[in-house]
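Here is the structure we will look at, set down as structure tokens.
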Amino acid sequence: MKRRWPARQLWIYAGLLAACLALAVLTDWTSFASPIDNYAYDLIYRAYPPHDWPPSSAVLAVDEATFNANGGVRNLRGIVADALAALGPAKTKAIAIDVILPDPGDPAVDARLAASIERAGNVVLSSQLAGGVWEDPIPLFIAKAKALGHVHPEENHSDGVGRRVPLEYSANRQRRWALMLEAFRVAQDAPIVESIEDVQVGSAVIPARRDDRKGRLMWIRHRPGGIPTVSLRDVQQDPSKLELFRGKTAFIGVTALAGRRDQVLSPVTGDYVSGVIVHAQAFETLAQNRFLTDASNLNVLATCAAVVICCGLIFVFLSGWIAYAASAFVVAVSHLVPVLFFHADVVFPFFAVFASAWLSAACAASYQHFVVRKQLLATQGEKERYQQAIQWVAHEMRSPLTAIQGSSEMMGRYALSEERRKQMAGMIHAESKRMARMIQTFLDVERLSEGQMEMKREPFAAGPVVDLCLQRVAPLAERKNISIHCDEPIAGSLLGDRELMEYAIYNLLTNAVKYSPADTHVFVAGAVRQTMLRISVTDQGIGMEKKEVENIFRKFYRTEKAQKSGEAGTGIGLSIVEQIVTHHGGKIEVISTPGKGSVFTIAVPLAEAPVAGSNKDSSVPQRV
Ligand code: ADP
């Protein structure tokens, strides 16, 4: 169903949705969202692994067996020298050593290692940060090495999963490229060329934007088959295993728990792997020359805005279950946005689009449900009330209008005696006055029920009001030969609106006459009981069933018998009577027996103030 929303409401709605968008996108930049983004990334990453490729690197692992056979952790330098010597025949493109060699050791061993580094001619050494200062290898080794690379993990890398590596790292005004990047440079024999947006080494252009906050991060695309890894011990025992390294880049690092410096969780397997494996995986990403990039802020904002707009439009143009189903569809599809981007090698933050979709759908649905629907219902109710009011006016106006029409027609058409003419003019005057009063009463009751007007609160004597009603109803009763008895004068005074009370009593009297057969009696009585004045109207008319009595105060309700009698009106009178009595702090009671008659009693509180009653028409009710 198409709905029209007022412009103001549309603006508020758009504002709320924009707030949802801002909240979702801004929260995505906080640490609150990163675990969610990371978790989603890992799920997508595992669900859509890349096709395997021939490895360009291999790891020569210094494992437990190597330590056991070569003098333990204390002989690590000797072991590294042995590893370099062992790799000699394999003609590797580059050798990255993920072992920190900061302090001078046994001079003989250091000399042997330096000689091995020099002989290999393509060695990249590691440097790590310690207390904000680069902990470099001793100058002897640096002099023989081809390059120096950092082995620092991603900053603020809370969950320990190796998803990204910082390509560069600066400390103490010295910058180091990553170990694997230096190894790649040596292997490619090409310089590192950098710009703000990327880093180029030979044919590989790495889309890693320089970011002061996060550094220059590169997503690691892990090789599905893993990195071929051989223990140095195995190579020592079986030199044919060296073939694994032929023409590739070798990474030498400790995998034994005893000497392992760093370990990282693999996003692929969820297991701990040693740092050297992660460096090799990052190297494979370079060698493969296929990179994952972060979605730009503009891209994230535009995508999230599209999702929010979709959810917003759904609830403007649709409603009910169709709107809920459509928004559920948009929310479901939005979960897949990061997957779609991932297939285009773009890492899209899951939280931003997820939060945008859920927040905007919830906000749009609530807004439609609580605000727009409520207002639409209110407008509908207003319309209904208006229609009822029109019907009431039409109904109540009919009889005076008929009388006026008839009389004026007679006056125009026939030559009437002066006395008759005067009589008719008087009647026309009286009826038109009655109509004016009726309109006023009607408007006042309407305003009262809308809360726009406070009821007049003046003391007035009840007796004269009842008398006036009796006079007014007399012609109606005469026509049906119904006699109205009011034997005792009605005492007591009320506090409220005299006009309205007159309307209420008159309505009860006309009903009693209308719904009674000819030649019957109607009794009117008043009684003061404690603080209440009870005025009852008893007839010998058609009466009502108990069930019917329960409904007569509902607007438009008319009993079947009343309709058959041809007297029934619109069924609004009593609902107004009830409102008037309630506004006076009283209540109305009905006792009725079908075929025998009814007793309508109104009980209203007496005024404490002295009576200022009179029989003349009081003024128009005062408005506030
Ligand atoms: P209206 O008389 O214009 O139809 P009311 O609201 O005054 O509207 O009355 C509602 C209905 O209650 C009437 O249509 C009639 O069926 C029933 N009713 C009211 N007064 C009496 C009565 N004195 N005796 C029998 N039925 C009555």
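The values are calculated or read from the model by the stated rules, or taken from the named source; none is laboratory data. This structure is a prediction, so every number in the text was calculated from the model and none was measured. So basically every Cβ, Gly included, is an ideal-geometry build from the backbone, and we count neighbours across all protein chains shown. For accessibility, only protein heavy atoms count, side chains too; no ligands or nucleic acids. Shrake-Rupley method; radii C 1.70, N 1.55, O 1.52, S 1.80 Å.
Which one is least open to solvent (accessible area, probe 1.4 Å) among residues in segment 477-508 that are touching a residue at least 40 places away in the same chain (Cβ under 8 Å) and hydroxyl-bearing (S, T, Y)?
If we take residues in segment 477-508 being touching a residue at least 40 places away in the same chain (Cβ under 8 Å) and hydroxyl-bearing (S, T, Y), then S493 is least open to solvent (accessible area, probe 1.4 Å).
Which members of segment 543-559 meet the condition of being closer than 20 Å to I390 by Cβ and within 7 Å of the ligand (Cβ to nearest atom)? Break it down stepwise before answering.
First, pick out the residues of segment 543-559 that are closer than 20 Å to I390 by Cβ: 554-558.
Within segment 543-559, Y557, R558 qualify.
Suppose we filter segment 262-307 for residues that are of a type outside the set (A, V, I, L, M), open to solvent by 20 Å² or more (accessible area, probe 1.4 Å) and over 30 Å from S127 (Cβ atoms); how many remain?
The total comes to 4.
A quick yes/no check of all residues on (1) over 57 Å from the mean Cα position of the chain (by Cα); (2) open to solvent by 50 Å² or more (accessible area, probe 1.4 Å):
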{"residue": "T510", "(1), (2)": "no, no"}
{"residue": "R534", "(1), (2)": "no, yes"}
{"residue": "G541", "(1), (2)": "yes, no"}
{"residue": "E560", "(1), (2)": "no, yes"}
{"residue": "G569", "(1), (2)": "no, no"}
{"residue": "T582", "(1), (2)": "no, yes"}
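Quick one: in segment 477-511, of everything that is within 16 Å of the ligand (Cβ to nearest atom) and at pLDDT below 90, which residue is farthest from S536 (Cα to Cα)?
The residue in question is L500.
Mind checking which residues of segment 308-341 are open to solvent by 50 Å² or more (accessible area, probe 1.4 Å) and of a type in the set (V, I, T)?
Across segment 308-341, the qualifying residues are I309, I322, V333.
Hand me the list of helices (runs of 4 or more DSSP H) wholly inside segment 6-85 holding 2 or more residues that are closer than 21 Å to T303 by Cα and of a type outside the set (G, A, S). Walk me through how you get there before you give the answer.
Numbers: elements: 7-27, 34-47, 64-69.
In segment 6-85, 7-27, 34-47 are the helices (runs of 4 or more DSSP H) which contain 2 or more residues that are closer than 21 Å to T303 by Cα and of a type outside the set (G, A, S).
Could you say whether any residue in segment 401-416 is open to solvent by 60 Å² or more (accessible area, probe 1.4 Å), closer than 30 Å to E578 by Cα and out of contact with any helix residue (DSSP H, G or I) (no Cβ under 7 Å at 6 or more places or on another chain)?
Scanning segment 401-416, I find at least one residue that is open to solvent by 60 Å² or more (accessible area, probe 1.4 Å), closer than 30 Å to E578 by Cα and out of contact with any helix residue (DSSP H, G or I) (no Cβ under 7 Å at 6 or more places or on another chain), so the answer is yes.
For segment 432-448, indicate whether the set of residues that are at pLDDT 85 or above and open to solvent by 60 Å² or more (accessible area, probe 1.4 Å) is non-empty. So that I can check it myself, show each step before the final result.
Start the filter on segment 432-448 by keeping residues that are at pLDDT 85 or above, which leaves 432.
If we keep only those that are open to solvent by 60 Å² or more (accessible area, probe 1.4 Å) too, we end up with none.
No - not one qualifying residue is present in segment 432-448.
Please indicate, with yes or no, whether at least one residue in segment 88-97 is farther than 24 Å from E182 by Cα and surrounded by fewer than 19 Cβ atoms within 10 Å (Cβ to Cβ). Talk me through it step by step, then tell me what you get.
The first filter runs over segment 88-97 and keeps only residues farther than 24 Å from E182 by Cα, leaving none.
Within segment 88-97, not a single residue is farther than 24 Å from E182 by Cα and surrounded by fewer than 19 Cβ atoms within 10 Å (Cβ to Cβ).
Per-residue answers, yes or no, for (1) away from the ligand (no atom under 12 Å from the Cβ); (2) in contact (Cβ under 8 Å) with a residue 12 or more places away in the chain; (3) under 16 Å from N507 (Cβ atoms); (4) out of contact with any Phe, Trp or Tyr (no Cβ under 9 Å at 6 or more places or on another chain):
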position: K561; (1), (2), (3), (4): no, yes, no, no
position: G571; (1), (2), (3), (4): no, yes, yes, no
position: T582; (1), (2), (3), (4): yes, no, yes, yes
position: P594; (1), (2), (3), (4): no, yes, no, yes
position: I602; (1), (2), (3), (4): yes, yes, yes, yes
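Could you check, for segment 231-254, whether at least one of its residues is over 17 Å from N122 (Cα atoms), of a type in the set (S, T, N, Q) and either assigned to a loop (DSSP other than H, G, I, E, B) or open to solvent by less than 20 Å² (accessible area, probe 1.4 Å) (or both)?
So far as segment 231-254 goes, yes, one or more of its residues are over 17 Å from N122 (Cα atoms), of a type in the set (S, T, N, Q) and either assigned to a loop (DSSP other than H, G, I, E, B) or open to solvent by less than 20 Å² (accessible area, probe 1.4 Å) (or both).
Starting from segment 524-537, take each residue that is over 16 Å from V473 (Cα atoms) and more than 16 Å from the ligand (Cβ to nearest atom) and list its partners that are among the acidic types (D, E) and modelled with pLDDT under 95, counting only C-beta distances under 8 angstrom and pairs at least six apart or across chains.
Close Cβ pairs satisfying both conditions: G526/E488.
Please go through segment 177-216 and pick out each residue that is aliphatic (A, V, I, L, M) and open to solvent by 50 Å² or more (accessible area, probe 1.4 Å). Give the steps one after another, and end with the answer.
Kept after step one, since they are aliphatic (A, V, I, L, M), are these residues of segment 177-216: 178-181, 183, 186-187, 190, 192-193, 196, 199, 201, 204-206, 208.
The answer is V193, I196, V205.
Check segment 58-77 and report whether any residue there is closer than 30 Å to F342 by Cα and buried (at least 20 other Cβ atoms within 10 Å of the Cβ).
Within segment 58-77, the first condition is being closer than 30 Å to F342 by Cα, and the residues that meet it are 58-59.
With buried (at least 20 other Cβ atoms within 10 Å of the Cβ) added as a condition, the list becomes 58-59.
Checked against the condition, which is being closer than 30 Å to F342 by Cα and buried (at least 20 other Cβ atoms within 10 Å of the Cβ), segment 58-77 yields at least one hit.
I need a count of the residues in segment 103-145 that are among the basic types (K, R) and either without any contact (Cβ under 8 Å) to a residue 12 or more places away in the chain or crowded, with 19+ Cβ neighbours inside 10 Å (or both). So that I can check it myself, show each step before the final result.
Start the filter on segment 103-145 by keeping residues that are among the basic types (K, R), which leaves 112, 119, 144.
When the remaining residues are screened for being either without any contact (Cβ under 8 Å) to a residue 12 or more places away in the chain or crowded, with 19+ Cβ neighbours inside 10 Å (or both), the result is 144.
Residues meeting the conditions: 1.
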